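Encoded as structure tokens, the structure appears first; notes follow it.
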Amino acid sequence: MNIVVCVKHVPDPEAPVTQFTVDSAGQKMVPAPAVVSVVSPFDENAIEAGLQLKEAHGGKVTVLSLGPLSSLEALKRGTRMGADDAVLVEGNDLPEPAPQTTAHILAKAIAKIGGYDLILCGRQAADWDQGQVGCGIAENLDLPYVSIVSKIETLEKALRIQCLTEDGYEVMEVSLPVVLTLTNEINQPRLTTVAGILRTTTMKIPVWSLQDIGVDPAAAVECGRLAELKNLRIPEVKVECQIVGGETPEEAALSLVNVLRSDKVI
Amino acid sequence: MMDEFELTDQQKAFQTLAREFAERHIKPIAAEIDRMEVKMGLPNFPWDMLREAHKIGLKTIAFPMEYGGMAADHLTQVIITDELAYVDATCAKTISQCWKQPQYIIHFGTKDQRDRFLGAMRDEPTYMMAGAITEPDYGSDNMLPYEEPEGGLKLSVKRKGDGYVLNGVKHFIALGGAASLYIVRGRTDKTVSVRKGTGRFLVPKDTPGFSVTAQHDKIGFRAYPNGQLAFEDVYVPKENLLGGKENYDMSGGPLAGWNELELAATAMGIARAAFEAALDYAKQRVQGGKTIIEHQAVAGLLADMYMDLQAGRSLVWQTARIFSSGRRDTKMSMASARFATKVVLKITTDALTIFGGMGVMKELPLEKYVRDTMIFTHLADGPARQVKAGNLLMRPE
């Protein structure tokens with residue numbers, strides 16, 4: 001089974017919020033220099049799932065990313081975990097790409113890689129949390145798509161998928177090739193390994209330009225104009241304390257319910 | 001976190017691996033295995049941690065490629081050990097012992113011995129080796145081997161048929177009771193000094209006549225076993241005489257300085273953990289209306305701790321760099337071990353001071369850092385190493 005895993009290099013989501021600011025134009029989040037970048041956590045789940053499928057059924061795992069050259073570190077994390085190949089699409093010419101733009105470019109790169117049976121993504125990236133790229137890739141490649149997948153079983157030329165819903169989970173069978181976005185319930189990503197680190201040291205990860213994969217930058221940006229970012233700001237968190245009283249516990253409970261209803265909490 | 005040293009991409013990757021391994025597989029068990037009773041059967045030994053280390057290749061990283069490793073150099077070993085010891089020194093020592101003891105077989109063993117025993121280390125997740133040298137009446141003599149034939153090591157070796165029969169007792173043996181193979185040093189020629197008149201015998205744990213008779217209960221490194229071994233007419237076939245040589249003088253060889261760098265790296269990992277804990281606490285603890293780091297006495301103490309920590313790390317890492325380049329400068333490795341021992345003792349006890357009453361409470365790891373440090377000053381390091389370091393300086397350049 002040949003698997004492509006899409007990964008994004010993001011500022012460490014575990015860094016405290018005080019380490020982030022918004023630029024003066026209100027368009028961009030700026031992490032402090034001390035904030036390191038990591039593979040978006042759900043994407044690590046996707047790498048792990050890909051490696052487990054490869055170990056069970058053979059084939060190979062290719063990790064793919066769109067971003068600046070520093071995103072090579074995210075790909076190296078994948079190969080150090082055990083991925084066979086890696087490809088970076090260098091997107092230096094692009095402004096912070098909209099998810100539709102990213103999906104358009106990654107789909108072109110996946111088409112160039114070719115021979116895929118399965119495309120895995122994290123359910124959403126830890127920086128913008130939009131969760132749009134996976135379905136965008138499926139749309140661009142005209143493939144079936146299942147989101148928020150928490151379990152994968154292999155069948156003959158198909159997969160049995162469990163995906164989370166608000167009140168439980170659904171089980172469905174999908175034919176290959178397919179695009180899946182995975183959630184963290186599916187596995188615990190493995191650590192890197194000594195062998196993976198050694199192999200990565202001697203690996204030359206190819207860096208493709210947009211031209212290499214037949215993408216017109218202007219057209220790619222244009223397809224992302226479905227939404228416009230008006231203004232970005234860090235919300236102010238206000239905490240107010242209200243004591244809800246009552247002569248008896250029953251009265252206090254009733255008062256509390258009334259307050260919660262009037263605040264539209266329940 | 002301190003990354004002042006310029007590391008290669010690969011070294012940084014190993015540092016990250018060790019940090020994440022320690023966080024996932026050592027941190028959750030460190031306090032528990034320290035507090036468990038030490039007894040025969042080793043209920044507090046971190047077997048699962050060892051299996052995980054084997055799974056990712058950490059256990060054999062210092063081995064040649066053909067035996068599942070990458071012949072990791074000393075700087076890489078120091079980087080990894082520092083990260084592991086930062087979380088728990090006993091687990092760090094368990095892993096680094098897996099790198100060190102097999103070096104005898106890697107460098108001095110026959111091809112058959114390498115295939116049999118290094119192959120087992122590579123293939124069996126919990127297979128480890130222990131070096132059995134120290135005896136109840138032979139401790140610092142190991143560090144300072146006297147030239148008198150009557151001095152030191154007593155374990156007797158008698159030739160019998162195509163092999164040897166061992167009789168005697170070893171104690172304080174690291175990984176004793178946990179290891180699968182014991183590299184036992186015994187007297188083969190009583191007419192010359194210990195250095196010249198001893199050989200090493202490879203004794204699997206299930207050899208008839210061999211037994212582990214006690215586990216030493218220590219104040220620190222509690223989950224790292226030190227066992228007492230008994231040899232009663234233990235027959236060792238000649239195939240298990242290390243390198244096939246009865247009298248094997250290994251001093252000054254490829255293992256020179258290995259012990260000292262291992263000790264120094266482990267000590268500096270503990271020192272860093274104690275310093276960072278003290279610094280965090282001093283920034284949070286309020287006394288007299290301000291954080292205690294704003295009090296000059298505490299700030300000064302922390303400044304000196306930082307100075308010692310950086311001086312120690314600089315010396316140890318620089319020494320590892322020298323060894324990695326192929327120059328085994330044993331004066332530097334001795335200096336590293338001695339200095340790291342002093343630094344870790346000072347930093348851990350100063351950290352206790354900064355924590356005040358909380359420092360001696362078992363709910364925090366500070367008191368464990370101090371207990372673990374006592375092993376360096378009394379069991380692993382001490383006056384013998386100081387004298388040996390002095391002897392090295394006497395030698396002509």
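Within the stretch A:200-236, being touching a Ser or Thr at 6+ places or on another chain (Cβ under 7 Å), closer than 18 Å to A:Ala109 by Cβ and part of a helix (DSSP H, G or I) holds for A:Ala220, A:Val221.
Between residues in the stretch B:4-28 that are under 29 Å from B:Ala223 (Cα atoms) and at the interface with chain A (Cβ under 10 Å from one of its Cβ atoms) and residues that are in a loop (DSSP other than H, G, I, E, B) and small (Gly, Ala, Ser), which pairs lie under 9 Å by C-beta distance while being six or more apart or on different chains? Hits for this filter: B:Phe14/B:Ala72. When the residues of the stretch B:54-87 are filtered to those that are among the charged types (D, E, K, R) and farther than 21 Å from B:Ala178 by Cα, the one that is surrounded by the fewest Cβ atoms within 10 Å (Cβ to Cβ) is B:Glu66. Of all residues in the stretch B:128-151, none satisfies being at pLDDT 95 or above and among the aromatic types (Phe, Trp, Tyr).
Applying the criterion of at least 1 residues that are modelled with pLDDT under 95 and either assigned by TED's automatic domain parsing to the domain that holds A:Asp43 or not aliphatic (A, V, I, L, M) (or both) to the helices (runs of 4 or more DSSP H) found wholly in the stretch A:72-157 leaves A:99-113. Across the stretch A:231-266, the number of residues qualifying as under 20 Å from A:Gln27 (Cα atoms) and free of Cβ contacts under 8 Å to residues at least 24 places away in the same chain comes to 2. For B:Thr90, the criteria (1) crowded, with 18+ Cβ neighbours inside 10 Å; (2) within 14 Å of chain A (Cβ to nearest Cβ); (3) not hydrophobic (A, V, I, L, M, F, W, C) hold in every case but one, which is (2).
Residue-by-condition table, conditions (1) touching a residue at least 60 places away in the same chain (Cβ under 8 Å); (2) more than 14 Å from chain B (Cβ to nearest Cβ):
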| position | (1), (2) |
| --- | --- |
| A:Arg80 | yes, no |
| A:Ala83 | yes, yes |
| A:Gly91 | yes, yes |
| A:Pro97 | yes, yes |
| A:Ala103 | no, yes |
| A:Ala109 | yes, yes |
| A:Gly122 | yes, yes |
| A:Ala126 | yes, yes |
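When we screen B:Asp123, B:Asp137 for residues that are among the acidic types (Asp, Glu), out of contact with any Phe, Trp or Tyr (no Cβ under 9 Å at 6 or more places or on another chain) and farther than 25 Å from B:Tyr67 by Cα, the only hit is B:Asp137.
Yes or no, residue by residue, for (1) closer than 25 Å to B:Ala384 by Cβ; (2) aliphatic (A, V, I, L, M); (3) touching an Asp or Glu at 6+ places or on another chain (Cβ under 9 Å):
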position: B:Thr291; (1), (2), (3): no, no, no
position: B:Ala297; (1), (2), (3): no, yes, no
position: B:Tyr306; (1), (2), (3): no, no, no
position: B:Leu315; (1), (2), (3): yes, yes, no
position: B:Thr319; (1), (2), (3): yes, no, yes
position: B:Val343; (1), (2), (3): yes, yes, yes
position: B:Leu352; (1), (2), (3): no, yes, yes
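I'd like to check something: does the stretch A:205-216 contain any residue that is small (Gly, Ala, Ser) and within 14 Å of another protein chain (Cβ to nearest Cβ)? Scanning the stretch A:205-216, I find no residue that is small (Gly, Ala, Ser) and within 14 Å of another protein chain (Cβ to nearest Cβ), so the answer is no.
Listed here are the residues, each with its yes/no results for (1) touching a Leu at 6+ places or on another chain (Cβ under 7 Å); (2) closer than 23 Å to A:Gln100 by Cβ; (3) exposed (fewer than 14 other Cβ atoms within 10 Å of the Cβ).
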position	(1), (2), (3)
A:Gly115	no, no, yes
A:Ala126	no, yes, no
A:Gly136	no, yes, no
A:Ile148	yes, yes, no
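The values are calculated or read from the model by the stated rules, or taken from the named source; none is laboratory data. Given the structure is predicted, the values throughout are model-derived calculations rather than measurements. So basically every Cβ, Gly included, is an ideal-geometry build from the backbone, and we count neighbours across all protein chains shown.
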